[in-house]
Amino acid sequence: QQPVQSPQAVILREGEDAVINCSSSKALYSVHWYRQKHGEAPVFLMILLKGGEQKGHEKISASFNEKKQQSSLYLTASQLSYSGTYFCGTVTTGSARQLTFGSGTQLTVLP
Amino acid sequence: EPEVTQTPSHQVTQMGQEVILRCVPISNHLYFYWYRQILGQKVEFLVSFYNNEISEKSEIFDDQFSVERPDGSNFTLKIRSTKLEDSAMYFCASSLGRQEAFFGQGTRLTVV
């Protein structure tokens, strides 16, 4: 059961902020965020383990609400290089290590 | 920096033929995965492999698929009798544990 991502697409101007959400109907062990540029492999951004932690990576941060089985990715002061498709991947508590991806959010940053 | 390498980068095969996609995971990683991405769609889990056996597989991974770790470095995905709908980008990934998975650059499989 794949996680649900929203929105499906975001268009913003350089310097603007964006939030991408990911939710699961199952209890999660971890949430992984990846970014994929067209024609390339997904690139790991960060992982959040259950415990409700928040992590940051330059101007990209994420939170994980374990009780709600939700995670959000925050992109602040977006740059052109942020354009791509963002996938959340989840590992459920009942799964050994299967990483299941959501459908992705297409982020386009315009100059 | 260590990376996951996949060969070939592009494979064209006729329907019904067998293909083997190859991957060299990061050397100290213990868990190996195959994912597939049909053009324009999301990345889909196929199978995970640990300790020389399949640990999990999806409903996509039916009898036409098999995986093998023939030696200490390679990890292969075999598709026995390819169908047109098998055309996709196939990504291999590896991880040390229940942590981040690192992806290879993928093999684009085109079935004609």
In what sequence, largest accessible area first, do A:S72, B:S27 appear using a 1.4 Å probe? B:S27, A:S72
Across B:L39, B:L77, B:L30, the residue with the highest GNM fluctuation in chain B (Cα network, 10 Å cutoff) is B:L39
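What do you get for GluC sites (Glu not before Pro) in the range B:9-112 restricted to DSSP loop and a cutoff of at most 14 other Cβ within 10 Å of the site's Cβ? Write down the numbers at each step before the final one.
Values: sites: B:E18, B:E44, B:E53, B:E56, B:E59, B:E68, B:E85, B:E100; in loops: B:E18, B:E59, B:E100.
Those that pass, being in a loop and sparsely packed, are B:E18, B:E59.
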So, in nm, how far is label B:S73 from label B:L39 when the simple model puts each one 7 Å beyond its Cα toward the Cβ? 3.4 nm
Carbon and sulfur atoms account, in whole percent of the 1.4 Å probe accessible area of the range B:1-84, for 44 percent
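Quick one: compute the contact order of chain A, relative version, from alpha carbon pairs under 8 angstrom and 6+ residues apart, as a percent.
Values: 292 pairs, mean separation 41.4, N = 111.
37 percent.
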A:Q79-B:M15 pseudo-label distance in nm [points 7 Å out on the Cα-to-Cβ vector]: 4.7 nm
Largest first, what is the accessible-area ranking of B:L96, B:L46 with a 1.4 Å probe? B:L96, B:L46
Loop-only GluC sites (Glu not before Pro) in the range A:6-111, please: DSSP not H, G, I, E or B, and at most 16 other Cβ atoms within 10 Å. A:E14, A:E16, A:E40, A:E53, A:E58
Here the residues of the range B:1-42 lying in the modelled label zone of B:L84, meaning backbone nitrogen under 16 Å from a point 7 Å along Cα-to-Cβ, are B:13-17, B:39
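Calculate what fraction, in whole %, of the accessible area of the range A:4-110 sits on carbon and sulfur atoms when a 1.4 Å probe is rolled over the protein chains.
Values: 2370 of 4920 Å².
Heavy-atom surface of the range A:4-110 belonging to carbon and sulfur, 1.4 Å probe: 48 percent.
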Looking only at lysines whose Cα falls under 22 Å of A:K68's and that sit 8 or more positions away or on another chain, we get A:K26, A:K50, A:K55
Fluctuation leader among A:V31, A:V91, A:V19 - chain A, Gaussian network, Cα springs under 10 angstrom: A:V19
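Counting other Cβ atoms within 10 Å, keep those with at most 16, restrict to DSSP loop, and tell me which trypsin sites (Lys or Arg not before Pro) in the range B:1-73 are left. Working shown, then result.
On the way: sites: B:R22, B:R36, B:K42, B:K57; in loops: B:K42.
Hits after loop and neighbour filter: nothing returned.
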Point-charge dipole on Cβ atoms (K/R +1, D/E -1) for the protein assembly as shown, about Cα centre, debye to 20: 300 debye
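The values are calculated or read from the model by the stated rules, or taken from the named source; none is laboratory data. As the structure is a prediction and not an experimental result, all values here were calculated from the model. A quick note on method: Cβ atoms are made from the backbone with ideal geometry, for glycine too, and the neighbour counts reach across all protein chains shown. For accessibility, only protein heavy atoms count, side chains too; no ligands or nucleic acids. Shrake-Rupley method; radii C 1.70, N 1.55, O 1.52, S 1.80 Å.
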